[in-house]
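Please read the structure below before turning to the comments.
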Amino acid sequence: MVGLITDWLERVNKQTKDSISNMPSWLQAKRQAALVQMQMLNEPTRRLESWRYADLGRLLKAPSAFDSTNYGQQLNVIEGSDPVVIVVDEAGYMGMGDCPDWLEIRSLVDMHAEDWYDATFDQETVVNLANSLLLQTGGLIRIKATDKPVHIQLVYAFDELDEWRYVRNQFDLEAGANVSITEQHQSGRINAVNVYDLDSRVQLNRVQDIHLNSAEQFVSMNYFEVSKGVNVTNMNHHIGGSLQHHVHWVNFNGEGSKYKSGSINKSFDNNQITDIVNVNHNHKNNQSDITHRSIAKDKSQIYNNAKAQVAIGADQSEIEQDLKNILLSSDARIYSKPELEVYADEVIAAHGSTIGALDDTALFYLQSRGVDIEQAREIMIKSFEQEAQIC
Amino acid sequence: MLKIDHVFANAGEKEILKGLSLEVKPGEVHAIMGPNGAGKSTLGNLLAGMPYVEPQGGSVEYMGQDLLSLEPEERAAVGVFLAFQYPVEIPGVNNMYFLRTALNAQRKYRGEEPMDSAQFLRMVKQKIKDMNMRDDLLKRPVNVGFSGGEKKRNEVFQMGVLEPKLAILDETDSGLDIDALKIVADGVNQLRSPDRSFIIITHYQRLLDYIEPDFVHVLADGKIVKSGDKNLALELEEQGYGWLNN
């Protein structure tokens with residue numbers, strides 16, 4: 001409809017032979033497979049569930065005047081930890097400092113075919129398939145179990161600001177690893193696919209911190225392959241941007257695991273943010289707990305959706321979906337949808353969604369103590385966000 | 001200190017206050033009693049500036065100012081405090097932060113220097129000790145997970161920290177057991193001073209056993225229909241409000 005597939009295919013043709021020929025043959029084969037699939041798919045339209053409330057046309061348009069607001073922003077270092085910083089840019093991964101023993105980093109071209117996680121894309125995820133087709137940078141980050149928790153900070157820092165950059169990060173966490181991973185946007189127009197392959201007993205605290213100015217765009221598809229006895233907390237801060245589109249896809253592949261996610265989505269001006277979490281309870285005795293807090297102002301819009309699918313026999317699954325939203329102006333829009341699709345018998349599930357304005361009584365309460373209306377609103381928004389702040 | 005002259009006010013679409021007059025002098029404690037729906041809470045909300053309550057006529061003069069022309073936060077800064085009947089929960093914002101923000105906002109309005117963290121901490125710790133309240137109250141999010149009694153105690157504690165000149169207590173006794181009632185009443189009595197006045201809105205005489213009022217008023221159908229001393233509260237306790245219609 002908007003010529004996206006045509007655009008992606010043209011970009012394939014424009015890619016230099018050198019950049020392709022440097023890739024190992026197995027990776028070239030993956031790209032070829034993506035090309036064949038892309039040619040069979042239809043143009044993405046608003047009929048796609050995950051793009052229903054976003055303007056696909058913005059994917060084509062180069063962002064207007066780049067604002068350097070985010071340059072040099074302070075990285076949010078998790079307190080009490082000393083992160084290994086990995087910068088991802090045109091040249092690939094660049095580690096800052098020495099690479100510790102517990103960490104193995106391989107660029108795309110150095111990856112082995114057997115390490116590659118084969119993500120499945122379809123018509124619904126055609127925009128993410130473009131990542132496999134036009135893949136430029138990224139690779140494998142493998143983390144071994146250690147005595148103490150470790151922390152990695154992955155920073156997107158691209159010089160080219162109006163061209164899409166296709167990045168794939170595959171995190172393999174070995175059994176028993178205890179890891180914090182902070183993924184942070186500094187600059188660039190990014191289409192990212194992140195794979196978190198989590199072996200048994202892994203503890204993962206992941207933070208996705210995407211704070212964009214009103215011209216910037218970021219699309220991400222995030223896979224969590226969860227083995228048995230795994231504990232994941234996934235905290236997402238999605239703020240601003242001409243377009244932010246994030247899909248989190250969680251597969252419980254064993255028993256006794258927990259996936260807990262919190263999302264704070266904040267949009268202003270003409271921003272568009274989509275935040276979707278799909279959790280597949282394929283096995284017994286797993287828990288998912290999704291909390292979204294979204295705030296839209298001016299003419300911006302947010303779509304947030306949490307879906308849990310419980311397979312036949314996945315008894316003792318526990319699911320909670322809590323989506324709350326605040327509209328700060330009459331022109332702002334929020335679409336919010338919790339969904340449960342349950343095929344097992346013994347399941348505990350709760351879901352809810354609300355959309356409203358800031359509570360007038362609470363604002364008055366703050367004012368009655370001397371706080372002016374603007375500060376009262378800020379306090380109320382902070383209070384609202386805190387409910388989704390899971391780590 | 002406060003002169004309410006023939007005030008009319010609506011709560012939403014409904015006319016609630018219908019020509020209410022009341023004068024409160026510095027240091028006085030006035031109890032307002034009355035049947036359900038008489039307009040007691042509306043009076044408290046009107047004085048504190050709740051947007052839902054709209055004045056329709058009359059005047060309210062507070063320390064020489066037109067109170068009704070001020071924003072709610074300005075009223076707080078000039079010394080008006082409303083202890084809510086249903087205190088609001090604010091998750092994620094602890095009492096300490098909330099109170100310091102409020103106190104410094106009031107000080108800023110009055111042209112005073114802000115109180116730094118260390119000064120503030122010393123002050124609130126002393127206050128909470130003086131008021132026989134537990135100091136874990138300070139670290140907890142405002143009213144979140146508080147019992148009914150704790151919420152009311154927190155209101156009185158906030159009042160102690162903010163040191164208003166006119167405190168309006170809207171059914172602060174409702175839902176309190178006798179021990180909590182005594183703590184709340186002690187807190188109020190500690191704050192009594194020659195330059196601080198109280199309007200205590202209550203349904204029951206029992207609070208007035210602990211906070212002795214100078215005046216008791218009966219509010220019915222939007223205006224004060226009878227005033228007297230503390231013995232009026234005892235009469236109301238014995239006979240209810242029906243006899244006032246005779």
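The values are calculated or read from the model by the stated rules, or taken from the named source; none is laboratory data. None of these values were measured; they are calculated from a predicted model. Heads up, the Cβs are rebuilt from the backbone with ideal geometry, glycines too, and the neighbour counts pull from every protein chain shown. With ligands, DNA and RNA removed, areas are computed over all heavy atoms of the protein, side chains included. Shrake-Rupley method; radii C 1.70, N 1.55, O 1.52, S 1.80 Å.
Only one of the listed residues (A:K337, A:K324, A:K382) is under 24 Å from A:Q208 (Cβ atoms), among the charged types (D, E, K, R) and away from chain B (no Cβ under 14 Å). That residue is A:K337.
With segment A:279-349 as the region, which strands (runs of 3 or more DSSP E) entirely inside it contain at least 3 residues that are open to solvent by 50 Å² or more (accessible area, probe 1.4 Å)?
Numbers: elements: A:287-296, A:301-310, A:317-327, A:333-342.
Because the criterion is at least 3 residues that are open to solvent by 50 Å² or more (accessible area, probe 1.4 Å), the strands (runs of 3 or more DSSP E) in segment A:279-349 that meet it are A:317-327, A:333-342.
With respect to the conditions (1) open to solvent by 30 Å² or more (accessible area, probe 1.4 Å); (2) facing chain A (nearest Cβ under 10 Å); (3) out of contact with any helix residue (DSSP H, G or I) (no Cβ under 6 Å at 6 or more places or on another chain), B:D66 lacks only one, and its number is (2).
The listed residues are B:K40, B:K25, B:K125, and the only one of them that is away from chain A (no Cβ under 12 Å), under 30 Å from B:L208 (Cβ atoms) and surrounded by fewer than 19 Cβ atoms within 10 Å (Cβ to Cβ) turns out to be B:K25.
For segment A:156-175, the criterion of being open to solvent by 10 Å² or more (accessible area, probe 1.4 Å) and within 25 Å of A:E387 (Cα to Cα) is met by none of the residues.
In the set (1) open to solvent by less than 10 Å² (accessible area, probe 1.4 Å); (2) under 20 Å from the mean Cα position of the chain (by Cα), B:A105 fails one condition alone, (1). Close contacts from segment B:97-110, counting a first residue that is of a type in the set (S, T, N, Q) and a second that is in a helix (DSSP H, G or I), with Cβ to Cβ under 9 Å and a gap of 6+ residues or different chains, come to B:T101/A:L366; B:T101/A:Q375; B:T101/A:I379; B:N104/B:F120; B:Q106/B:E73; B:Q106/B:A76; B:Q106/B:A77; B:Q106/B:L162.
For segment A:154-201, the set of residues classified as more than 20 Å from A:N234 (Cα to Cα), small (G, A, S) and assigned to a loop (DSSP other than H, G, I, E, B) consists of A:G188 only.
When A:A29, A:A34, A:A62 are screened for being assigned to a helix (DSSP H, G or I), of a type in the set (G, A, S) and open to solvent by 30 Å² or more (accessible area, probe 1.4 Å), only A:A29 passes.
When segment A:129-153 is examined, which residues are found to be in a strand (DSSP E or B), open to solvent by 10 Å² or more (accessible area, probe 1.4 Å) and in contact (Cβ under 8 Å) with a residue 60 or more places away in the chain? I'd like the intermediate steps shown before the answer.
Our first condition is that a residue be in a strand (DSSP E or B); within segment A:129-153, this holds for A:137-143, A:150-153.
Okay, now just the ones that are also open to solvent by 10 Å² or more (accessible area, probe 1.4 Å), so A:142, A:150.
Once the filter is applied, which keeps residues that are in a strand (DSSP E or B), open to solvent by 10 Å² or more (accessible area, probe 1.4 Å) and in contact (Cβ under 8 Å) with a residue 60 or more places away in the chain, segment A:129-153 yields only A:V150.
Of the residues that sit in segment B:164-182 and are surrounded by fewer than 19 Cβ atoms within 10 Å (Cβ to Cβ) and not small (G, A, S), which one is farthest from B:G39 (Cα to Cα)?
Going through segment B:164-182, the residues surrounded by fewer than 19 Cβ atoms within 10 Å (Cβ to Cβ) turn out to be B:165, B:174-175, B:177-180, B:182.
With not small (G, A, S) added as a condition, the list becomes B:165, B:177-179, B:182.
Numbers: B:K165: 23, B:D177: 25, B:I178: 26, B:D179: 29, B:K182: 26 Å.
Only one residue fits best here, namely B:D179.
Residue count for segment B:216-246 satisfying the condition of being among the hydrophobic types (A, V, I, L, M, F, W, C), within 27 Å of B:D186 (Cα to Cα) and surrounded by fewer than 20 Cβ atoms within 10 Å (Cβ to Cβ): 1.
Scanning segment B:1-54 for residues that are among the basic types (K, R) and in contact (Cβ under 8 Å) with a residue 60 or more places away in the chain turns up B:K18, B:K25, B:K40.
Restricting the search to segment B:164-191, which residues are in a helix (DSSP H, G or I), among the β-branched types (V, I, T) and closer than 25 Å to A:R369 by Cβ?
Residues of segment B:164-191 in a helix (DSSP H, G or I): B:178-191.
Next cut, among the β-branched types (V, I, T) only: B:178, B:183-184, B:188.
Scanning segment B:164-191 gives B:I183, B:V184, B:V188.
Among the residues of segment A:366-379, those identified as of a type outside the set (A, V, I, L, M, F, W, C), out of contact with any Pro (no Cβ under 7 Å at 6 or more places or on another chain) and at the interface with chain B (Cβ under 8 Å from one of its Cβ atoms) are A:R369, A:G370, A:D372, A:Q375. If you go through segment B:192-205 one residue at a time, do you hit one that is touching a residue at least 24 places away in the same chain (Cβ under 8 Å), open to solvent by less than 20 Å² (accessible area, probe 1.4 Å) and assigned to a helix (DSSP H, G or I)? Scanning segment B:192-205 turns up no residue that is touching a residue at least 24 places away in the same chain (Cβ under 8 Å), open to solvent by less than 20 Å² (accessible area, probe 1.4 Å) and assigned to a helix (DSSP H, G or I).
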